[in-house]
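What follows is one structure encoded as structure tokens, with my remarks underneath.
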Amino acid sequence: MTMATPTPAQVPTPTRGRLRVEIHQLEGFDRRDKSFNRNVEIWRTAQGYVAYFQYEGLELQTAPALRPAEALKALVSAMHRRGVSNIRTRLNFKGNRYLAERLPWVSHPAAP
């Protein structure tokens, strides 16, 4: 069985021209105080690293940053501005390597 090469229109937008370098698990509470758990993808682009997140109607992508940690920090700040609280993250994938949830959670308190 042969598989056709996808055309550019078939490639999901977040991956076009990018390389995913990390996946972080993110937990928090939305404005309704509903807890959630989603992935944050960190992509390397020609301009730098961007973080991408999607939850219900909220879709965020950061401006390019010099390092993955800076992109994650920018995403967390944007989420705080949108009323998300009690945010914590954990790196689960570095490249294609699964870290088996061995790394500790990192809390991201809102700025005072």
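The values are calculated or read from the model by the stated rules, or taken from the named source; none is laboratory data. Predicted model only: the values in this text are computed from it and were never measured. Every residue, glycine as well, gets a Cβ built from its backbone with ideal geometry; the counts of neighbours run over all protein chains shown.
Assorted remarks:
- Val11 touching a helix residue (DSSP H, G or I) at 6+ places or on another chain (Cβ under 8 Å) and either among the aliphatic types (A, V, I, L, M) or modelled with pLDDT of 95 or more (or both): no
- Near pairs, Cβ below 9 angstrom, 6+ apart or cross-chain, from segment 95-112 (closer than 20 Å to Lys73 by Cβ) to any residue that is assigned to a loop (DSSP other than H, G, I, E, B) and aliphatic (A, V, I, L, M): Ala110/Val84
- Close pairs from segment 39-62: first at negative phi and of a type in the set (Lys, Arg), partner surrounded by fewer than 21 Cβ atoms within 10 Å (Cβ to Cβ) and part of a strand (DSSP E or B), Cβ under 9 Å, at least 6 apart: Arg44/Leu19; Arg44/Arg20; Arg44/Val21
- Subset tally (residues that are modelled with pLDDT under 95, under 16 Å from Gly95 (Cα atoms) and touching a strand residue (DSSP E or B) at 6+ places or on another chain (Cβ under 6 Å)) for segment 15-62: 3
- Strands (runs of 3 or more DSSP E) wholly inside segment 42-112 containing at least 2 residues that are farther than 14 Å from Gly28 by Cβ: 49-55, 58-61, 85-94
Listed here are the residues, each with its yes/no results for (1) surrounded by 15 or more Cβ atoms within 10 Å (Cβ to Cβ); (2) touching a helix residue (DSSP H, G or I) at 6+ places or on another chain (Cβ under 7 Å).
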{"residue": "Ser35", "(1), (2)": "no, no"}
{"residue": "Ala46", "(1), (2)": "no, no"}
{"residue": "Phe53", "(1), (2)": "yes, yes"}
{"residue": "Leu75", "(1), (2)": "yes, no"}
{"residue": "Leu91", "(1), (2)": "yes, no"}
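- Top-ranked residue of segment 62-73 - restricted to ones that are farther than 22 Å from Asn96 by Cβ and not aliphatic (A, V, I, L, M), ranked as surrounded by the most Cβ atoms within 10 Å (Cβ to Cβ): Thr62
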